[in-house]
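Pasting a structure below so you can have a look.
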Amino acid sequence: QVQLVESRGGLVQAGGSLRLSCAASGHVNNIDAMGWYRRPPGKQRELVASITTDGSTNYADSAKGRFTISSDTAKNTVYLQMNNLKPDDTAVYYCNARWVGYDFWGQGTQVTVSS
């Protein structure tokens, strides 16, 4: 089992920046990858970015060039640096951990970008 605790999101103006963090605890040694998903209002949850234990990253097209995912293995923490935020980035952001084929999720944190 893996527990995920996300940092608080917030309200930012368009063009601003925000960094989310997600700390994993429990059986962290068997985590294969971690990532961030989001659910915009009225839409389905979608991948934002992911990172594997060997550091390979994957980004949604909407995140490329603006968002950066990184990890601190010593702290079992993954970060999502979001720059040049747009109103379309407004969503509930969820941390995800893929553990031995299972998905674990954080509680979600609201990010609102005002125009």
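So, R19, is that one open to solvent by 20 Å² or more (accessible area, probe 1.4 Å) and over 16 Å from V92 (Cβ atoms) or not?
When the stated conditions are applied, R19 passes them.
Moving on. Can you list residue pairs whose Cβ atoms sit under 7 Å apart, with the first residue in the stretch 67-91 being more than 11 Å from I51 (Cβ to Cβ) and without any contact (Cβ under 8 Å) to a residue 60 or more places away in the chain and the second being aromatic (F, W, Y) and assigned to a strand (DSSP E or B)? Count only pairs 6 or more apart in sequence or on different chains.
Going by the 7 Å Cβ cut-off, the qualifying pairs are F67/Y59.
Residue check, N58 against (1) over 16 Å from W105 (Cα atoms); (2) of a type outside the set (G, A, S); (3) touching a residue at least 60 places away in the same chain (Cβ under 8 Å), all met but one. Which one?
In the conditions (1) over 16 Å from W105 (Cα atoms); (2) of a type outside the set (G, A, S); (3) touching a residue at least 60 places away in the same chain (Cβ under 8 Å), N58 misses (3) alone.
The values are calculated or read from the model by the stated rules, or taken from the named source; none is laboratory data. Since we're looking at a predicted model, the values are computed, not measured. Neighbour counts run over all protein chains shown; Cβ positions are idealised from the backbone, glycine included. Ligands, DNA and RNA are excluded from the accessible area calculation, which covers all protein heavy atoms including side chains. Shrake-Rupley method; radii C 1.70, N 1.55, O 1.52, S 1.80 Å.
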